[in-house]
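Input: a single structure, listed below in structure tokens.
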Amino acid sequence: MHKGQVLNHKAPPDSAGRARAWKDRVMTLLLVVVMLAAFLCSLVAGFLFAFAAVVMPGIARLDDRDFIRAFQVIDRVIQNNQPLFVLVWAGSVLALLAAAVLSVWELRSANRLLVIAAALVYFLGAQLPTVRINIPLNNELQRLELSKMNEAAQKRSRADFETRWNQWNIIRTACSCVASILLLVLLLRM
């Protein structure tokens, strides 16, 4: 060591310092997870909105046979595990679940309630109807063999599908938008 040179030696952190550092890392992780959840839930909301505002009104103008065929083709792309779609859809669920779990430990009062409300609205209003209503309707439509159906059967199948599917898609769209907004409000508060 040269004359005048000071040895820069840090004392080992005390337990309070380690706890504070750990809490900072967890809060940073929570912030990243909430940002990811907000992004992915917003993408899902946009996807559902596009169906409500463009896709379904567009194919609604088709005759019964072409409507069924168009929806079958569109849905088959989704159901064949299109990787980007699966990443966004499943990722939104996982990211929001992780945000909710982390928020229980790390957030207080209103901020915690925002995450829990976003999760409940998203899971019960967007994801549950998807699994219980929209996907089963999609699957029923997928099983139809148009070449073996007369016009009356095509009309009946479309009527059984279209109104109910659209009504629930509007609910899913609204709920995913609300969840996204709640997450964005939380990010502004964090």
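Laid out as a table, the results:
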item: The chain: angle of helix 64-79 to the longest principal axis, Cα-based, in degrees nearest 10; result: 30 degrees
item: Matching label, volume of the Cα convex hull per residue in Å³ computed from the structure shown, candidates (1) 208; (2) 162; (3) 148; result: (2)
item: Percent RCO, i.e. relative contact order, over the chain, from Cα pairs under 8 Å lying at least 6 residues apart; result: 38 percent
item: C-alpha long axis of helix 15-50 to longest principal axis of the chain, angle in °; result: 20 degrees
item: Cα-based helix-to-principal-axis angle, 109-122 vs the chain, degrees rounded to 10; result: 30 degrees
item: Top of Met149, Met56, Met35 by mean-square fluctuation, Gaussian network on the chain, Cα under 10 Å; result: Met149
item: Positive-end extreme of charge dipole, the chain - chosen from Ala100, Ile133, Leu84 (charges on Cβ); result: Ala100
item: Computed [θ] at 222 nm, helices only, for the chain once each DSSP H run of length n ≥ 4 contributes -39500 (n - 2.57); result: -25500 deg cm²/dmol
item: Separation of alpha-carbon centers, segment 62-81 and segment 157-171, rounded to whole Å; result: 14 Å
item: Debye, to nearest 20: dipole size of segment 25-189, +1 on Lys, Arg Cβ, -1 on Asp, Glu Cβ; result: 280 debye
item: Trypsin sites (Lys or Arg not before Pro), loop per DSSP, at most 10 other Cβ atoms within 10 Å - longest free stretch of the chain; result: 11-60
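Bear in mind that the values in this text are calculations on the coordinates, not laboratory data. Predicted model, so just to flag it, every value in this text is computed and none were measured. Note: ideal-geometry Cβ built from the backbone for every residue, glycine included; neighbour counts use all protein chains shown.
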